[in-house]
Amino acid sequence: MQDSTIENKDSVKTDVIDEAVERGLERLTPERIAGVINQVLAKETGARFKTYIDTCMRCGLCADACSFFLSNDRDPKFSPAAKVKQTLTEMLEKRGNVSKDFLKNMVRIAHTECNVCKRCSMYCPFGIDIAYMMLTVRRICHKLEITPLYIQDTVNSHSATMNQMWVKEDEWIDTLQWQEEDAREEFEDLRIPLDKDGADIMYSVIAPEPKFQAGLIYQTAVIMHAAGVNWTMPSNPGWDNSNMAMFTGDFEISGRLAKAHYEAAADLHVNRIVMGECGHAFRSVYDVGNRWAGWRMPPIELVHAIDFFHELLTTGRIKVKEKYKKSVTLHDPCNVSRGRGLHDKAREVVNLLCDNFIEMTPNKEHNFCCGAGGGVINCGPPYKTTRMINNRVKKEQLEQTGAEVLIAPCHNCHSGLEDITHHYGVDMEIKFFGDIIYEVMEKTIYQGGV
Amino acid sequence: MNDKNANGRNAWDWQTEKKQIPVKEWESQFNWVEEPHVSPDGEQVASIVNSDEAEFSICVNGDVWEDTFEKAWSLKFSPDGRLAVLAANDEEWTVCIDGTEWESRFDYIWGMTFSSDGSYLGAAIQQDGEYGVVVNDEPWESLYENMNHFTLSEQGGSAAVVQVSSMSQGDIDGFAGGLFSLAVNGEPMPQTFMNIWDPAFDSQGKHLAFTIRKNRSDYSIFQVDTAWDQTFQSAWKPAFIENDTSLVAPVRTGGKWYLYKNARPFWSNVYEQLWQIAVHQEKKSIAAIVSDSYGKWTVSQDDRPWTNHADQMITDLSFSEQGDTLCALFKTNGAWTVVANDKPWDLGADKLWKPAMDATGEIVAARFEKQGRYHLAVNGRVAPGDYDMLFDPEISPDGTKILIKSITGGIYSRQVLSVDGLI
């Protein structure tokens, strides 16, 4: 482990220049600012919002739950309640008549100093959902068109292409065929079945997989083939389950994405959707985008990769040739642990795969966010230095495990944790469950019938 | 509406009781055999087959096409019974129909689509990093740096959302200024928008309508040659009605969904959600999938919601040819069923496909899967027998017979049964 004294070499920057925010602020008039704020607060919120605002008594119990507060030497302004006070409370008190400097500060707080991870809600005696409050602030930012540049560009991609990385339609299909061809080195009859009508499972991923990490699709194809799964992937838009619009308050695009995802599955007549190792994407189609569209719950059964791998391993569809030897620890992605309760199953999967599991503290639903979640990492390079400072508590948590390998079953977490290990010099390899399964599995085809 | 006679249904063999083809045998002849596809008349069953590394062909009724391909995917029968596949050799892609390749070659091709009579085949193409459409081997003359939402009219017209101006990475102001237009038969409309979705042709293939986003918060509808003045919180795919002179579209305002006609409120009911419009021009009837209370779904026909609801999902809303029957697939508690004219069947299906209907709508037949076995249901009754796999049923033009195409025990069967014997 590296000397942790390097952690304080930077200080949190409050004067970050984000072109999109700056240009957006220039265009605003006092009337527009007040109009949008009052419209969102009066027309788009309801009893829940009012109850939260009226109930919070600033007890401070949420503060110790927040990794930003802890990472910034317990600076009170980073406590969740203070973030609400610095944003929503002031907008309410001033009836929307706030300055551009206030808005700039608000963008920074809502978009980069809160992971909307919901950890604080677990410690609030009233269960106030601060994430909902911060997402309401982001909704105001969206309507005022002062969303940070990088994440707005991602949402633009979502809206134009139905995927978050401007992956063109042919690039998606070509990538699948390329991975299929490569994976035939291992199983000569392996397929990534495209548009297979009536398959049991539609497998969906987030756009960084075809864009940068096509090897993950290869690994999944090998796992699916060995497990004898009747699966397919759609060639049409709807294959990307990610949703940054959910985090910018662009609920309309968020709902449109969830609709495309479920329609792709319905068109293929699958029984269920299995999604890759991504947390925010799960939240998007399980909890957020679907509900905006009018589906109280997912209209087609939705299974996160943790759940699916658990099923494959416990039913013997995937057999472990030899358990993974390096010491491993597990990061619990907020959206599938606090959001879905998959933390116990995740541990069962770890223990089925690995010999030496070292628990992280705190863990399970109490685990800290990776620091990248909630769209924070997607706000991009202008905020990276500050993000690293805000991730100090996570870095300490990782170091304390002494594990060689960190399993993070979520793309956002992966990226954020890689930034932490690089920035702080933590000597820890980061892997997905899929990486480990691919490494330890027997490369034989399950014969137990479909 | 499909012209079923144009698809040759009258000329089909509706007399033979059973024809069989042993498809399982193919597996011993090839490295692998991909999922089978069956022609509408049931006379042909075909699969992509692999014989060697990068050596694919098509096996039809046990006979293999002469040509082999390094790559092949998207095998489909057209409605008029032609067999088409997207195939590549030497990294050049084309369409191969019944064993004959198109002359055009592309760097990539996908999204193969047929007009409902099968006479037009269109697909999206990429050539030298630019995008366009090809219809019946005639590619667009102009190509674009990005393209989505390709659609094909019944008359062979093509349209797609195209990016008409370049944008540097992260240029969100450029994006907001409107980079996208709709190209019709390759030529872009003069109007550009921040987003364009869901282009829809009228029934004559002369006019188009689509959903637009004017800025981050304002959505609207583009009708023929102009955008509606009104803006909305969101909008879904519009549909032409009344012999294509009018347009209806679902729009969201004040957090609720409305059906608008020609930019004015049309239906008086307000919905939690409203999408997937079905229109019967002659009957002047409009239907849509709606949520009339949050999390509860039903069908609204001419603004009258059905009494039956689904708590999960409704799909495949469609009218019979003469417009007397309106069908949809309802999913509740994980089980699918058909609901026809607000009357639910008792299927409890795990998977269910869009029903076939005769012209009058009196005969409705659907295939479904339950606990891993396929079944046929006709007018709500489950027909005797089950199958390893069942393909879409076809109803004879006179409505007296049903063509059943199935695979069981590795044998493909084409069987014509009397409707009377099934209901």
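The values are calculated or read from the model by the stated rules, or taken from the named source; none is laboratory data. Small disclaimer: the values here were computed from a predicted structure and weren't measured. Here Cβ is always computed from backbone atoms with ideal geometry, including for glycine, and neighbour counts include all displayed protein chains.
Structural remarks
- Subset of the stretch A:160-185 that is at the interface with chain B (Cβ under 7 Å from one of its Cβ atoms) and within 23 Å of the chain's Cα centre (by Cα) - its residue that is surrounded by the most Cβ atoms within 10 Å (Cβ to Cβ): A:Ala160
Yes/no matrix, rows are residues, columns are (1) in contact with a His (Cβ under 9 Å, 6 or more places away or on another chain); (2) within 14 Å of chain A (Cβ to nearest Cβ):
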{"position": "B:Ala11", "(1), (2)": "no, no"}
{"position": "B:Pro22", "(1), (2)": "no, no"}
{"position": "B:Glu35", "(1), (2)": "no, yes"}
{"position": "B:Ala46", "(1), (2)": "yes, no"}
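- Per-region count, the stretch B:157-180, residues under 11 Å from B:Met147 (Cβ atoms), over 23 Å from the mean Cα position of the chain (by Cα) and either of a type in the set (Asp, Glu) or not in a loop (DSSP other than H, G, I, E, B) (or both): 2
- In this structure, A:Asp153 does satisfy being without any contact (Cβ under 8 Å) to a residue 60 or more places away in the chain, farther than 28 Å from B:Glu92 by Cα, among the charged types (D, E, K, R) and within 13 Å of chain B (Cβ to nearest Cβ).
- Of all the residues in the stretch B:336-377, those that are hydrophobic (A, V, I, L, M, F, W, C) and touching a Pro at 6+ places or on another chain (Cβ under 8 Å) number 8.
- Selection from the stretch B:275-296 of residues that are within 14 Å of another protein chain (Cβ to nearest Cβ) and among the aliphatic types (A, V, I, L, M): B:Ala288, B:Ile289, B:Val290
Residue-by-condition table, conditions (1) hydrophobic (A, V, I, L, M, F, W, C); (2) modelled with pLDDT of 95 or more; (3) part of a helix (DSSP H, G or I):
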| site | (1), (2), (3) |
| --- | --- |
| A:Ser11 | no, no, no |
| A:Arg23 | no, yes, yes |
| A:Glu31 | no, yes, yes |
| A:Ala34 | yes, yes, yes |
| A:Ile37 | yes, yes, yes |
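- Given (1) in contact (Cβ under 8 Å) with a residue 40 or more places away in the chain; (2) over 16 Å from A:Met246 (Cβ atoms); (3) among the β-branched types (Val, Ile, Thr); (4) more than 14 Å from every other protein chain (Cβ to nearest Cβ), number of the condition A:Thr136 does not satisfy: (2)
- Residues that are at pLDDT 95 or above, polar (S, T, N, Q) and out of contact with any Pro (no Cβ under 8 Å at 6 or more places or on another chain) were ranked within the stretch B:167-199; the one that is farthest from A:Asp18 (Cα to Cα) is B:Asn185.
- Single unsatisfied condition, A:Leu302 versus (1) in contact (Cβ under 8 Å) with a residue 40 or more places away in the chain; (2) among the aliphatic types (A, V, I, L, M); (3) within 14 Å of another protein chain (Cβ to nearest Cβ); (4) not in a helix (DSSP H, G or I): (1)
- Some residue of the stretch B:97-108 being more than 20 Å from B:Leu208 (Cα to Cα), touching a Leu at 6+ places or on another chain (Cβ under 7 Å) and surrounded by 17 or more Cβ atoms within 10 Å (Cβ to Cβ): no
- First in the stretch B:198-220 and within 14 Å of chain A (Cβ to nearest Cβ), second anywhere and in a loop (DSSP other than H, G, I, E, B) and of a type in the set (Phe, Trp, Tyr), Cβ under 8 Å, 6 or more apart: B:Asp198/B:Trp236; B:Thr211/B:Trp236; B:Ser220/B:Trp228
- Of the residues making up the stretch A:249-284, those that are among the basic types (Lys, Arg) and closer than 17 Å to B:Gln273 by Cα number 2.
- Counting only helices (runs of 4 or more DSSP H) that fall entirely inside the stretch A:387-450 and contain at least 3 residues that are charged (D, E, K, R) and crowded, with 22+ Cβ neighbours inside 10 Å, the qualifying elements are A:392-401.
- Subset tally (residues that are touching a Pro at 6+ places or on another chain (Cβ under 8 Å) and surrounded by fewer than 24 Cβ atoms within 10 Å (Cβ to Cβ)) for the stretch A:97-119: 1
- Top-ranked residue in the stretch B:342-387 [being among the acidic types (Asp, Glu), within 19 Å of B:Gln415 (Cβ to Cβ) and not in a strand (DSSP E or B); ranked as nearest to the other protein chains (Cβ to nearest Cβ)]: B:Asp386
- Counting the residues of the stretch B:287-334 that are of a type outside the set (Ser, Thr, Tyr), in contact (Cβ under 8 Å) with a residue 12 or more places away in the chain, surrounded by fewer than 22 Cβ atoms within 10 Å (Cβ to Cβ) and part of a strand (DSSP E or B) gives 8.
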